[in-house]
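Let me begin by presenting the structure, written as structure tokens, before commenting on it.
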Amino acid sequence: MPRTPSEFAVHIMMEGGHREEVRFSTIQEFQKWYSGELVPKSASSDFINVPIKNIQGEYMVVRPSSVLALRVEPIFAGSVDRF
């Protein structure tokens, strides 16, 4: 029986070498943000909101044109923290 991830860590690599990590509860939640916010404005220099659900009172905005790569990593409840 396949394991089900408890959440997904999305690593955002940006111009200038900056890296950020945000987490989504489901892959569908990530796909909705990705296809609804990031892709349609990919060439834009206007800021878009990146949802940060695990940190209260904080938010992050990025310029979609500065996002170079995304890495989506499934996180399992039984996983050992590697950091």
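Of the residues Ser44, Ser25, the single one that is more than 15 Å from the chain's Cα centre (by Cα) and small (Gly, Ala, Ser) is Ser44. Checked against (1) assigned to a helix (DSSP H, G or I); (2) over 15 Å from Leu68 (Cα atoms); (3) not β-branched (Val, Ile, Thr), Pro2 passes all but condition (1). Just one of (1) exposed (fewer than 14 other Cβ atoms within 10 Å of the Cβ); (2) under 12 Å from the mean Cα position of the chain (by Cα); (3) at pLDDT below 95 fails for Met1. It is (2).
Screening Val10 against (1) in contact with a Leu (Cβ under 9 Å, 6 or more places away or on another chain); (2) surrounded by fewer than 15 Cβ atoms within 10 Å (Cβ to Cβ); (3) of a type in the set (Val, Ile, Thr) leaves a single unmet condition, (2). Where strands (runs of 3 or more DSSP E) sit wholly within the range 23-80, those with at least 1 residues that are among the polar types (S, T, N, Q) occupy 48-50.
The values are calculated or read from the model by the stated rules, or taken from the named source; none is laboratory data. What you see is a predicted model, and the numbers here were worked out from it, not measured in a lab. Glycine also receives a Cβ, built like all others from the backbone with ideal geometry; neighbour counts cover every protein chain displayed.
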